[in-house]
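The structure appears right after this line, and notes come after that.
Coordinate-derived values only; no laboratory data. Worth saying up front: this structure is predicted, and the values here are computed from it rather than measured. Here the Cβ positions follow ideal geometry from the backbone for every residue, glycine too, while neighbour counts run over all protein chains shown.
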Amino acid sequence: MNRKFTARGPKRIEWAPHSCYHRKAHGFRPGTLSARHRSVRTPRSIVGIRTPHPHPNPTDHDFATMTIRQSALFALALGTLGLLALSGCSAGNPNMSAAEDAMEQERYERALANVDSAIAQDSANAQAYAMKARILRQMADSTAPPEAYKQRYRQARQAEEKAIKFDPGRRSDIKNQRELAFIQEFQKGADAFNRAQQSSQKSDYLRAAAYFGAAGAIRPDSTGPIRNEAFARLQAARLEGGDQGMQEMSNVIPILERYLKKEDEPEKDVYSILSQLYRQGDQPERALEVTERALDDLSSRPTHFRIQGTRGLSYTGTIEAGGTSRQVEGTTPDRIELSTSDGMVTGTFRKQDGGKKQTKGRLQVGLYTQGTQVANSRTTALEEITISEDLSSVTPLAELQNQRLSALNSTGNTEKAMQAYRQQIERNPENARYRYNYGSLLLNSDRYDEAIEQLSEAVKLDSDDPKKQYNLGAAYLNKGVVLQDSLVSVRDSVMAQNRKPTQEEAQMIEDLDEQRLQFFQNAIPPLERARQLSGANGRYRQNACSALLQAYVQTEQTDKAEDVKQCAGAGGNTSGGSGGR
């Protein structure tokens, strides 16, 4: 009996120092961070999931939407800001005094127990809550492993909220302390991520994730730390590998979901990575939901220039788009929206003349469309930079569109997936991936003639992909099997009646024999190519050899059948039943 070959796609084979308290202030020394750039190399792929850089700026929303293509993490200058002291000493409370002594000796568990006793005695003791926050942060900085680090900072914030509740006058001081602590933890995360890039050690990525997590605990509404924590954890999971690594990746999903919930303009890469994590975790419905949300969101975002670089830098420029030209000027950071999302767009920008900042400062310009940076340039010189791009030729959402189609297919809604692929192919007829995936769906649905049409086009567009070659060969082979089954059915019917075939039946038998032989012969070239492209140990080699064995047998090429028998993992003789001979 002939074995039916199935498609190998489209599934992807693919805090503050205080004179009465511990002066270490959780290890933070005001003024020690300088305004410098920290270079970060692009992380390696995570099991097919591309991970962008950690977010470069922890403070404002303008910087929070900076392109993930930037290669730097910025250290923020603290200037002359100092950590503000909380008012009041604890001379009247023995538990508070004991807590102070324990902190001086770095006996943090004892200090925490003492301050909790003080709170038990007076649940409205704002000073005790403020001190508890400092103890927790010092515990995190001194002893906490990465998994406990963020939790300590979350508990510290809760204690501060209690302090503010019972003494609203502390709000301003605590706010200032949080700002400085946020900058410190974010910078520590950036430094740890840089070290991890150099060391490729999982522990370094986890430490970076802990610091970013602490920054997020200090300022829960800031999305940059959430995003960066997720990417650091994904890198750690990639290094872990195996089933444990897969589980650790799935643990990142809630973090990315929290980012999407809080961020007004989520980055495309976050949408894409979350979709892939859903599919990797066998959640195609959620993958479909997030990709459709991404496409709706990103496609509605206006085309714009984003002017960045040294903060407060003055610039001037000229923008030509949609057949019009206009002069612009402003200071960084800035955003200039365009009325067009198609055709040629050109922008020329330069720093304005001025003092040292204007002379030495950095001007960076990016062109964005559909939430994606499509061009960028930067300079520190007093010279023009020009960006020119034909938006008609860019397809920034192509990958997300393909992820949506794959998710559709994974949900089992094949007809809807096919319809979506047809629509995409009408818009992008030169897209080999769309044709391959659509052809593979047709192949799995036993629609072999249509599958051959789509897969033939996919192979023309990308002839070096063994998957495409194999599926085209499989479509030809399976069509041959169908014709051979029809041929056998006609013959069996005649034999069952113990008579000779009529002239019409004889002609049908002859036509079916010729047709099935032609399809078996047509299967051989793409299958041979698939075998060649797979190499000696390729994952498609045995599949290609097995299909070739049947094609050679059906076309009576016995020598070639013997040559591929071992590769196909077949035993016995190679004499297969020829349907027409």
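Could you work out how much longer the chain between Asp563 and Thr359 gets when fully extended? Use 0.36 nm per residue separation minus the Cα distance between them, nm to one decimal. Mind dumping the intermediate values first?
On the way: separation 204, 0.36 × 204 = 73.44 nm, distance 7.23 nm.
Extra length from Asp563 to Thr359 when fully extended: 66.2 nm.
If packing is taken as the average count of other Cβ atoms within 10 Å, what order do 369-375, 335-341 fall into, highest mean first?
On the way: 369-375: 20.0, 335-341: 14.6.
Sorting 369-375, 335-341 by mean packing, highest first, produces 369-375, 335-341.
Filter the chymotrypsin sites (Phe, Trp or Tyr not before Pro) in segment 448-493 down to the DSSP loop ones having no more than 12 other Cβ atoms within 10 Å, then list what survives. Please list the in-between numbers first.
Numbers: sites: Tyr448, Tyr470, Tyr476; in loops: none.
Counting only loop positions with at most 12 other Cβ atoms within 10 Å, none of the chymotrypsin sites (Phe, Trp or Tyr not before Pro) in segment 448-493 qualifies.
Mean separation of Cα pairs under 8 Å and 6+ residues apart, divided by the residue count of segment 398-568: what relative contact order is that in percent?
Details: 202 pairs, mean separation 28.0, N = 171.
Here the relative contact order equals 16 percent.
Need the list of aspartates and glutamates near Lys150 for cross-linking: C-alpha distance under 14 angstrom, and skip anything on the same chain fewer than eight residues off.
Asp141, Glu185, Glu229
Taking R0 as 41 Å, what FRET efficiency do you get between Thr414 and Arg311 from their Cβ-Cβ distance, rounded to the nearest 0.05?
Details: r = 53 Å, r/R0 = 1.28.
Here the calculated transfer efficiency is 0.20.
Taking +1 at the Cβ of each Lys and Arg and -1 at the Cβ of each Asp and Glu, which of Leu382, Thr346, Val394 sits farthest along the dipole of segment 304-395 towards its positive end, judged by Cα position relative to the Cα centre?
Leu382
With the crude spin-label approximation of a point 7 Å out along Cα→Cβ, what separation in nm comes out for Gln497 versus Gln352?
That separation, rounded to one decimal, is 9.6 nm.
Taking the mean number of other Cβ atoms within 10 Å as a proxy for protection, how do you rank 492-504, 378-390, 99-111 from highest to lowest? List each step's numbers first, then the result.
Values: 492-504: 10.0, 378-390: 14.3, 99-111: 18.4.
Per-residue Cβ counts within 10 Å, averaged per peptide and sorted highest first, yield 99-111, 378-390, 492-504.
If I model a spin label as a point 7 Å beyond the Cα along the Cα-Cβ vector, how far apart are those points for Asp243 and Leu382 in nm?
Spacing of the two 7 Å Cα→Cβ label points: 6.7 nm.
Under the 0.36 nm per residue contour assumption, what length would be gained going from the current alpha-carbon distance of Asp116 and Thr331 to full extension? Write out the running numbers ahead of the final one.
Values: separation 215, 0.36 × 215 = 77.40 nm, distance 5.00 nm.
Between Asp116 and Thr331, full extension yields 72.4 nm more.
Find, among the GluC sites (Glu not before Pro) in segment 416-501, those assigned to loop by DSSP (not H, G, I, E, B) with at most 15 other beta-carbon atoms within 10 angstrom. Don't skip to the answer; put the middle values down first.
On the way: sites: Glu426, Glu430, Glu450, Glu453, Glu457; in loops: Glu430.
Counting only loop positions with at most 15 other Cβ atoms within 10 Å, the GluC sites (Glu not before Pro) in segment 416-501 are Glu430.
How much length is gained on full extension from Val490 to Gln151, taking 0.36 nm per residue of separation minus their Cα-Cα distance? Intermediate values should be presented prior to the final figure.
Values: separation 339, 0.36 × 339 = 122.04 nm, distance 7.44 nm.
Gain in length upon complete extension: 114.6 nm.
Pop a pseudo-label 7 angstrom from the Cα along the beta-carbon direction at both Glu161 and His304 and give the gap in nm to one decimal.
Here the answer is 3.1 nm between the modelled labels.
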